[in-house]
Structure formats: structure tokens, C-alpha cells
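Engineer: Below you will find the structure I want to go over with you.
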Amino acid sequence: MNNKKINAEQKGEVYAPGRVFAKENFVELGRAVKRTFEGGQKDSHYISNKESRRIAKENMRITKEYEKEKKRKNVPESEYVTKMRDDRNIVEFDNLHTYFFSDAGVVKAVNGVSFDIPQGSTVGVVGESGCGKSVTSLSLMQLVQAPKGQVIRGSEIRFKSTVYKQDENGKNIPIYEVKLDEYGNEMHDENGDPIYVTAPKMHKGKPVIGKDGNPVIERVQKKDEDGIPLFETEEKVYNVAKMPTEVMRKIRGREITMIFQEPMTSLNPIFTIGKQLDEVVFLHIPGATKASAKARTYEMLKMVGIIPENVYTRYPHELSGGMRQRVMIAMALLCHPKLIIADEPTTALDVTIQAQILDLLREIKKQINGSIMLITHDLGVIAEMADFVVVMYAGRIIEMGTAKEIFDNPLHPYTMGLQKSKPAVNKKVDRLYSIPGSVPNPINMPNYCYFRDRCDKRCAKCNGDYPEMIQVSPTHKVSCHLYEREV
Amino acid sequence: METVNAVENKDIILDVRHLKKYFPIATNFFGKPTRFLKAVDDVSFTVQRGKTIGIVGESGCGKTTMGRCILRLHEITSGDVFFDGINVRELSHEQLRKIRPQMQIIFQDPYSSLSPRLPVGEIIGEAVLAHKLVDQAHYREYVLDVMHACGLQTHYFDRYPHEFSGGQRQRICIARALALKPKLVICDEPVSALDVSIQAQIINLLKDLQRDMGLTYVFISHDLSVVEHISDEIGVMYLGSMVESGDKEKIFANPLHPYTQALFSAVPVPDPNVKMNRIVLKGDIPSPANPPKGCKFHTRCNQCMDICKEVAPKYKEYEPNHFCACHLYNQD
């Protein structure tokens, strides 16, 4: 032992048993620690366990408050009835904020989005995955994953709704059939009141006998061609962000409908197509009978180009992807909606099927005179379908305008980059333009422009605050410091 | 190693001849297969060294199965695949193992094709060690070089796949394939799971690597615009058969087969001023388990004739390096 120690000291080394083996290990360990440390330093999103617990607790408190508000019953209508800014619009997003309270911090998925959907037009929302385009549409439907995801107070989503008029007992007011004269005009009595068509009241196929022994005579309710009775309606503007879930259920699926990305998973595998479609009619149209629901289902299936007899009794797994997407569209059309949200309706489909579905959507929009909010990442689809385009990046709108303006005269560097980076048939480029880097981490977004670090046109101004929306033309807006001097 | 010197032209790295892959879908009482799903049915093409062939087609047309058959990840039912003059179908397992480093594959989904339990360095370097391309001493250096070439920062070496975004993961997949210094890379939809801006980065990377390393790609994709950008030659597949193939310029300038024409016209153009004169195909792609008689495309074709329903068209060369299988053109 001592000999070894002396030998080591003679060589000028420190004597330590096992050191020859340990030295190598320590060096390697040191390197590993250094690497992790370097890596860790770059990863600024690291949070400690303690911090995570604190955040979770805080989130719980906030989300509970929001949930409580949504679940209230008998909320006075005055709380959520508002007025439209422009009567031609069907939906107005006004400063919409939708946050997700995750354990790693608050994710501002939608951060101050404002745009309008005019009546009878198609608005396309483009952006990369994670930019908040789907969350925007889910906020409108009140389908954001709760309790984590919440529409923040102060956001407004105004929707022009047509609701059934109700009498003082809370019942729908039916429209009665009025007698027509030989010219097809409605007949009136001497007081100016309409003369209604009357018929004996029926119950289970037999006339109902009143107390005086005579059959009870009542007015006949007006019906549409499918045999669905009609009720009086009125127009009301709702603020969806403040609406309780109970009331929202009457609008969702009836006036705003949604076509999802995955036709494979959005139909229920254990019910037949017919049953699933009829269910929508029963839920949303008061007074619908089995026969009238089936008639409506048949009508809509025909409209989307399916022979109804072949599909009505089938199960979803028996249909191909394109057929299922058609069924989804038929389902969305059942209650004559005013707005259809199509969330990547063709992403899961082949090109030839995509062409069929896009043609169909365009055709249907004409027929029902509704609006479409089209969410997609495919610029080609947008160019073909949309009248107005909204480009989103990291939860904010960076540019919006008519389709012509966005495609012919893109202003924001991101919009330009997006267009240049997409290869197109018959457009020859040697090398594709690529936007460097990737979308920033959604937690703790900086104050400056979110696109600054990837932008090739950044200037000194870009280090300042997030750029305001700048009006370039009556319809064209862009959020970029480059265009500030033009105002 | 057994070599079949069937390829005269040294420039041709991959020669696929009458490749067939049938999957049994029904068996009789004794367990003998009675019905087959003809995933790939008589496909032939050649690829020159350093070039890219793009394979397009709808889902279920057998593109991926064909790519896997070339690597013999699926056993080939019949036909031959000559890789560098070697018949891949006849190789034993040991011989196949030796040849594998030269032909690699990049999978479609970067989220499920990386082991979540291995750090990035090991994912890339595992096969390098297994095939003894470098010794232990130079291993780390070698892997870092590969990572650098594929645009990955070297301090990612010890990280795990879940820490990366889709684009970065696809870079890891590419690095894993290229670490073995392959001659042929099968890219099975490498960009379809990625965002547009990331797509462009990956396509540019693939092109740069091809130029630097002299790679040959078989680029499988359903996105025509991407295929047009990256390929020198194009093959269009429908229900397991090649319906048209040849030079990219020739096919895009003059598509012969009605399916190719419809496919090209269905691609949306990102320009609202262009109104396409679109050919919209009727119906869906038929099931490959029960393909239509005669020409497989006749059920959806807008120029269908009587003969199409009875006789399958021959696959013929109509102009130099432009093949097509359709009754509309001279079949003699």
C-alpha cells in the first residue's frame, strides 16, 4: 500500500485507490453534466416541480370560476343578448381570447382575434398547426376542451340567431294555415284577422269528442314539404362567449354546424347512418315525427349526392372515407344552418375525392344561402373556395383581406413565405423558399412580434411592441411594422 | 454473394420487373389461401443512379407496399427487383443483411417511427454500430457529423424524441437512414405529416443531401405538387398497377392516361384568379380485394369504351421514356 503511494508521489500524482478507473468516469460524467447543462440552458421552458404545482393550483381556482358561471341555470337573457356591429354579418369575433390553463403555464391559443363572417360568404382561415385556427371555431361552438380551455372574459363572439318565439308559458308559437281564396291570396274576415283552416282534433287516428258531445275543432298548423310543423321565429343576436351551455345547445347543431376533419371517427360506429341523422332532426326541430325526420334525412342525403336507400340502414364502417364525409355534410345540413364550420374537411381524403367534396360544398352554399367558415392549412383549397382569407400565426391574426388581395398582394412576410414555400404544379423553382425555424413555444410568448425570429425582413422596430393591425385598404388589414409609415 | 448480372446498363441502380405482391385474405378448410388482395400487381420500372422517381396515387393503390417490397420488408410474391445488379428476391437472410445498409427507408409518420426510449444519438448510431461501419472510437464523431449534415444541432445527441417537433423528428429519421451511407433511399411520404413551412425545409434538405451524397430516391407521395418539385421521373399508380410512367416533363406536358389527367386537374392551385377546368372523377376507388374486370380504372373513367370492361390494356411505350396502359392509344 505504502509503496504504491510513494510510487505515485514520485510520479507527481495524487494517490487515491481506484482513481485510474474513476478518473475516466469523472471526465465523462463532467462532460455529460456540461452537455445537459448547455442543453438545459437553451431550454428556457423548464419549470420545477414546485412551480408546476403552484401553477396547477392557480389554474384550478380560475377554471372553477369559469365553469361555475357556465353551468348557471335560468340566466336572464339580457346578459347575453347584444347587437351586431354590422347587420350584414352573421358572426363577429371581437377580441377573442381563448386560453388553455396547462400545468406548464397558460397557453394563449387564441390571443385577441377579431374578424367578421358576412352573410352568404366563405371565410377561409389558414395557418400552420397550433396557430389557433381550430380553437377559434371551437370557441364559437362552445366546444373548447373544458375545464382546461376557457374563453376569457371580455371576449365577444356575436352570432345572429333565429330562435323560436315563445309565449308567456315558454311554449313555441305555432304558425297556422290560413285559408286561401281562388287567387292564392290569404283570406281575411271583416276585422282584418286571417281566417284559419280548421279541422277536427285527432288523437290516435280518432277524432276527440269534447264535453258537449261534438268533435273538437282546432286550427291546422302549417307544415313544410317534409311534414315538419312550423313555428314562429324571431331574430336575436347572442354573445356566445357569455351564453350558458344550456342555451347554447339549442343553437349548436341547428344554426351553426361543424364538419370535422376525421370522417372516420366522427360518426358513431354502433348506430346506423339513418338513426344518427334522424336523431339530429328530433333534437332540434320541435314537432318532428319519425316520418318527417326520415323525409328530411332523405332530402339531405340526396343533396350531397348519395342514394338514400343505399345508405340509410348501413353502419359507418361500411362506407368509404369520401362517403362518410358526405354523410357528415348531410348531417350538418339537416336543420338548414346559417353557418357551416368546415374544419379541414378534406385533409384526410385523396385528391380526387377532395375535388368532389369541394365541389359539393360550393354547390350547397349556393342552395342554402348560408356562410361557410373554412379552416385549412392548404392554400390551394383556400384560393379555390374562399371569398375572404384570415391568416393566423401563433394565436393572432397577422393578415386578413379578400382572397384576391391575400394571394395577389400578400403583405406580411409570413404570408409571403407560406405562399413561396408551397410547391405548385407548373411553377418551376429550383429551390423552395423555406421559412427558417419553427413556431415558437406557446407558453410565455414575448411582447414583440411573434414572427420576428423567423422573419427575413425584420428591422429595429420589430424589437418593440407587438404590431397593431394596420388598415391597408377597406378590406385588407395587416399586422406588421413594415407598413406603419404608409398610414 | 450471388449476383445475377441482368442489368447491362451500369447507370441503372434499381430495376423492378413485373413485381407482384398478393396478400392472402381468405383461406379454405385446409388453411390454403383461396382469395388474394393484389396490393401490387405487375409493376415494372427502372431508376437511374442519382435520380429521383416519384410514385403518386391515391391511398390504397399500393405505393407503400411496393416501396417495402423493394427493400424486401415484405416478401415478394413474384417478379424481380434488381438492386445494383443483385436480385434482391433471391438473397438469403445473411446476404440481405449485408446489403441493407445500401438501401434505406424514411417512414411517413415521424411520431411513431422513432423509439421513445432511445436518445437521438443512439437512434441514429445504432445501425452504424450493428453494421460495423465505424469503430467505437470514432462512433460519436461520426454520428455528430451525420446530425450536422441533416441540420440537427449536436447537443441534441442525448435528448429523446418526445422533446422534438415534427420537422425535427423527420430530420432524425432522415439522419438515421443516411448514417449508413446508402445508395438508394425509399422516402415513403416523408413530408405529408408536416406543416407547409416545415415541408419546404425537409424537401430542400433532401435535395441538398442528394446533390452532396449522390443519392437515389424513390419518392412516394400523394401530393402531386411535391412530387413534381422533387422528381426527375414519375410513376402513377392505380389499384396496384402502374398506369403511366416516364419523364416528369413529358407526363406533365402531355398526360396520356385519363386517370393521370383527372389527378392533375384535381390539385387545387393556390391562385384565386386561375379557374381550373376540372375533371371530377365519379365514385370512390374500388376495393383492391375485388378489382373491376378489364381495365381497373373503367368504373370511374370518363372516356370508357366497351373494350375497357373486358380486356386489361397493355403497358406500352408511346414516346421515348413515356409508358402508359390505356385502350385509348394504339395497343398493337
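Engineer: Only Cα pairs under 8 Å and at least 6 apart count here; give the relative contact order of chain B as a rounded whole percent.
Structural biologist: Averaging sequence separation for qualifying contacts and normalising by length gives 19 percent for chain B.
Engineer: In addition: As a test of reading the structure, rank B:S287, A:S371, A:S78 by solvent-accessible area (1.4 Å probe, protein chains only), most first.
Structural biologist: A:S78, B:S287, A:S371
Engineer: Where in the range B:274-290 does accessible area fall by at least 10 Å² between the isolated chain and the complete protein assembly, at a 1.4 Å probe radius?
Structural biologist: Buried by 10 Å² or more upon assembly, which counts only protein chains, are B:K275, B:R278, B:V280, B:L281, B:G283, B:D284.
Engineer: Here is a further query. Running a GNM on chain B with Cα contacts under 10 Å, which residue among B:E244, B:E310, B:E122 ends up with the highest mean-square fluctuation?
Structural biologist: B:E310
Engineer: If you roll a 1.4 Å probe over the heavy atoms of the protein chains, what accessible area per residue do you get for the range A:176-220, in Å²? The partial results should precede the final answer.
Structural biologist: Details: 3860 Å² over 45 residues.
That works out to 86 Å² per residue.
Engineer: Which order do B:K296, B:K282 take by accessible area at a 1.4 Å probe, largest first? Could you put the intermediate results ahead of the total?
Structural biologist: On the way: B:K296 35, B:K282 130 Å².
Ranking B:K296, B:K282 by accessible area, largest first, yields B:K282, B:K296.
Engineer: Sticking with this structure for a sec: Number of Lys-Lys pairs in the range A:394-487 under 18 Å by Cα, sequence gap 8 or more or different chains? Please list the in-between numbers first.
Structural biologist: On the way: A:K404/A:K420; A:K404/A:K422; A:K404/A:K477; A:K420/A:K428; A:K420/A:K457.
Count of close lysine pairs: 5.
Engineer: Oh, and also: Cα centroid distance between the range A:134-156 and the range B:201-264, in Å?
Structural biologist: Measuring centre to centre over Cα atoms gives 42 Å.
Engineer: Are there any trypsin sites (Lys or Arg not before Pro) in the range B:34-124 that are in a DSSP loop and have at most 11 other Cβ atoms within 10 Å? List them by number. Can you show the working numbers first?
Structural biologist: On the way: sites: B:R35, B:K38, B:R49, B:K51, B:K63, B:R68, B:R72, B:R89, B:R97, B:K98, B:R117; in loops: B:R49, B:K51, B:R72, B:R117.
In loop regions of the range B:34-124 (DSSP not H, G, I, E or B), the sparsely surrounded trypsin sites (Lys or Arg not before Pro) are B:R117.
Engineer: Just how much of A:L283 is accessible, in Å², when a 1.4 Å probe is used and the result is rounded to the nearest 10?
Structural biologist: Around 130 Å² of this residue is reachable by solvent.
Engineer: Could you name every residue in the range B:165-201 that has 30 Å² or more less accessible surface in the full protein assembly than in its own chain alone (probe 1.4 Å, ligands and nucleic acids excluded)?
Structural biologist: With the partner chains in place, the range B:165-201 has these residues losing at least 30 Å²: B:D195, B:V196, B:S197, B:A200, B:Q201.
Engineer: Accessible area per residue for the range A:316-429 in Å², computed with a 1.4 Å probe and the full protein assembly in place, what is it? Please list the in-between numbers first.
Structural biologist: Working: 3260 Å² over 114 residues.
Accessible area per residue, the range A:316-429: 29 Å².
Engineer: When the accessible area of each residue in the range A:380-404 is compared between its chain alone and the complete protein assembly (1.4 Å probe; ligands, DNA and RNA ignored), which residues differ by at least 20 Å², being lower in the assembly?
Structural biologist: Residues shielded by partner chains are A:G380, A:A383, A:E384, A:K404.
Engineer: Report the extension gain between A:K290 and A:I368 in nm, rounded to one decimal, defined as 0.36 nm multiplied by the number of residues separating them, less their alpha carbon distance.
Structural biologist: Working: separation 78, 0.36 × 78 = 28.08 nm, distance 2.37 nm.
The A:K290-A:I368 span can extend by a further 25.7 nm.
Engineer: At a probe radius of 1.4 Å, what is the per-residue accessible area of A:C455, in Å² to the nearest 10?
Structural biologist: Around 20 Å² of this residue is reachable by solvent.
Engineer: Once you charge only the Cβ atoms, +1 for Lys and Arg and -1 for Asp and Glu, what is the size of the charge dipole of chain B about its Cα centre, to the nearest 20 debye? Each step should come with its number before you reach the end.
Structural biologist: Details: 38 positive and 39 negative charges, 148 e Å.
It works out to roughly 720 debye.
Engineer: Work out how much length A:E246 to A:R61 would gain on full extension: take 0.36 nm times their residue separation and subtract the Cα-Cα distance, in nm to one decimal. Walk me through the intermediate numbers first.
Structural biologist: On the way: separation 185, 0.36 × 185 = 66.60 nm, distance 2.30 nm.
Length difference between fully extended and current span is 64.3 nm.
Engineer: Return the lysines within reach of B:K63: Cα separation strictly under 19 angstrom, same-chain partners fewer than 8 residues apart disregarded; answer none if there are no such residues.
Structural biologist: Counting by Cα, and skipping residues close in sequence, B:K63 has these lysines nearby: B:K20, B:K21, B:K38, B:K51, B:K248, B:K296.
Engineer: Please give the Cα centre distance for the range A:188-231 versus the range B:64-83, rounded to the nearest Å.
Structural biologist: 74
Engineer: With a 10 Å cut-off between alpha carbons and a GNM built on chain B, which of B:P291, B:P119, B:P320 moves the most?
Structural biologist: The residue that fluctuates most here is B:P320.
Engineer: Could you provide, to the nearest whole Å², the per residue accessible area of chain B with probe 1.4 Å?
Structural biologist: Working: 14480 Å² over 332 residues.
Result: 44 Å² per residue.
Engineer: Quote the accessible area belonging to A:S48 in square angstrom, nearest 10, computed with a 1.4 Å probe and with ligands, DNA and RNA left uncounted.
Structural biologist: Surface accessible to solvent at A:S48 totals approximately 50 Å².
Engineer: In Å², rounded to the nearest 100, what is the total accessible surface buried by chains B and A against each other with a 1.4 Å probe? Display every interim value, and only then the final one.
Structural biologist: Working: alone 16420 and 28280 Å², together 40900 Å².
Interface between B and A: roughly 3800 Å².
Engineer: How high is the relative contact order of chain A, given as a whole-number percent (alpha carbon pairs under 8 Å, six or more residues apart)?
Structural biologist: Working: 780 pairs, mean separation 78.0, N = 487.
Relative contact order for chain A comes out at 16 percent.
Engineer: Work out the mean other chain Cβ neighbour count within 10 Å for the residues of A:125-134 and drop it here as an integer. Let's see the in-between values first.
Structural biologist: Numbers: counts 0, 1, 2, 5, 7, 2, 1, 0, 0, 0.
Taking the mean over all residues of the peptide, I get 2.
Engineer: Let me ask something else about it. Could you identify which residue out of B:G214, B:G283, B:G79 has the top mean-square fluctuation in a GNM of chain B using Cα springs shorter than 10 Å?
Structural biologist: So, out of B:G214, B:G283, B:G79, the one fluctuating most is B:G283.
Engineer: Tell me, what is the percent relative contact order of the range A:252-348, built from C-alpha pairs under 8 Å that lie six or more residues apart? Can you show the working numbers first?
Structural biologist: On the way: 134 pairs, mean separation 51.9, N = 97.
53 percent.
Engineer: Within the set of other residues whose C-beta is less than 14 Å from the C-beta of A:F407, count the net charge using Lys and Arg as +1 and Asp and Glu as -1. If you can, show how the numbers build up before the last one.
Structural biologist: Details: positive: A:K404, A:K420, A:K422, A:K427, B:K275; negative: A:D378, A:E384, A:D387, A:E399, A:E405, A:D408, B:D271.
Cβ neighbours under 14 Å give a net charge of -2.
Engineer: Give the aspartates and glutamates reachable from B:K181 as a straight Cα distance under 16 Å; neighbours fewer than 8 places away on the same chain don't count.
Structural biologist: Those aspartates and glutamates meeting the cut-off are B:D84, B:E126, B:D135, B:E141, B:D145, B:D208, B:D212.
Engineer: Give me the percent of accessible area attributable to carbon and sulfur for the protein assembly as shown, probe 1.4 angstrom.
Structural biologist: Within the protein assembly as shown, the accessible surface is 51 percent carbon and sulfur.
The values are calculated or read from the model by the stated rules, or taken from the named source; none is laboratory data. From a predicted model like this one, the values you see are computed outputs, not experimental measurements. All Cβ positions, glycine included, derive from the backbone under ideal geometry; neighbour counts span all protein chains shown. Note: accessible area is taken over every heavy atom of the protein model, side chains too, but ligands, DNA and RNA are not part of it. Shrake-Rupley method; radii C 1.70, N 1.55, O 1.52, S 1.80 Å.
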